[in-house]
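The values are calculated or read from the model by the stated rules, or taken from the named source; none is laboratory data. All of these numbers come straight from a predicted model, not from anything done at the bench. Quick reminder, even Gly has a Cβ in these numbers, built from the backbone with ideal geometry, and neighbours come from all protein chains shown. For the accessible areas, the whole protein counts, side chains as well, though only heavy atoms, and no ligand, DNA or RNA atoms are used. Shrake-Rupley method; radii C 1.70, N 1.55, O 1.52, S 1.80 Å.
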Amino acid sequence: LPLDGNIYLELHAEPGIFKSFRGQVTGGSFEVKNLLPGQYVFIDSFLDYVFDMPEPPEVVVYPGGSVGGIEVLLKTGALVSGRFVDEDKQPIADLEVKVASNKIHSVRPDRRFNHSAYTDANGIFQLTTPNEPEKYYALSVMVLDSRYQGQLFHHDLKPDQREYHLGDIVMRRALSLT
């Protein structure tokens, strides 16, 4: 069933080539323009949906070329949201928040499907992550920013829950050596 609505999509390539796309999906189609040549991996940021594929889709862009007809299969996921604040309870904008689902029988998060979002001016982030209790038991949330001490924490998944509101998350300032 083709989707309509807003999406935020990231395409990552090596070495250090990155393109973010905010746009509109109409009838299940969207277009990304002006990509540099390279091999890109799609990182999904569709609200309410995640990839329903064994691996994230990849595309190769050749110099002067174009690519079309890529099929991306989606399924519903869990909405994860929260607000990052400093020790004075002031919102922190532009923090990159990464979320990965922790697989059952594994101590490490599933890195094939990392999801990321940036906090807005009010320190709020939201993104969608897989919500399959038969595969995953928890979410790992990680924030790394040179202004603040890094944080990594886990949140248990519940079989019938589709939204995880993490509330206010306090970041401590990084120590300065000067």
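Some notes on this structure:
- When the stretch 114-142 is filtered for residues that are among the polar types (S, T, N, Q) and open to solvent by less than 70 Å² (accessible area, probe 1.4 Å), the ones remaining, listed by number, are N114, S116, T119, T128, T129, N131, S140.
- Cβ-Cβ contacts under 8 Å between residues 6 or more apart (or on different chains), taken from a first residue in the stretch 47-76 that is closer than 17 Å to D4 by Cα to a second residue that is outside any strand (DSSP E or B) and aliphatic (A, V, I, L, M), are listed as Y49/L3; F51/V72; F51/L73; V72/M53; L73/M53; L74/L3.
- When P2, P54 are screened for being open to solvent by 100 Å² or more (accessible area, probe 1.4 Å) and either under 13 Å from the mean Cα position of the chain (by Cα) or at pLDDT below 75 (or both), only P54 passes.
- Pairs, first within 18 Å of A93 (Cβ to Cβ) in the stretch 140-159, second part of a loop (DSSP other than H, G, I, E, B) and open to solvent by 50 Å² or more (accessible area, probe 1.4 Å), C-beta under 9 Å, six or more apart: D145/D94; Y148/R172; Q149/R172; Q149/L175; Q151/R172
Residues checked against (1) aliphatic (A, V, I, L, M); (2) at pLDDT 85 or above; (3) touching an Asp or Glu at 6+ places or on another chain (Cβ under 9 Å):
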position	(1), (2), (3)
Q39	no, no, yes
Y49	no, no, no
V59	yes, no, no
V72	yes, no, yes
A78	yes, no, yes
E87	no, yes, no
A93	yes, yes, yes
K103	no, no, yes
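- Being acidic (D, E) and either modelled with pLDDT of 85 or more or open to solvent by 40 Å² or more (accessible area, probe 1.4 Å) (or both) is not true of D110.
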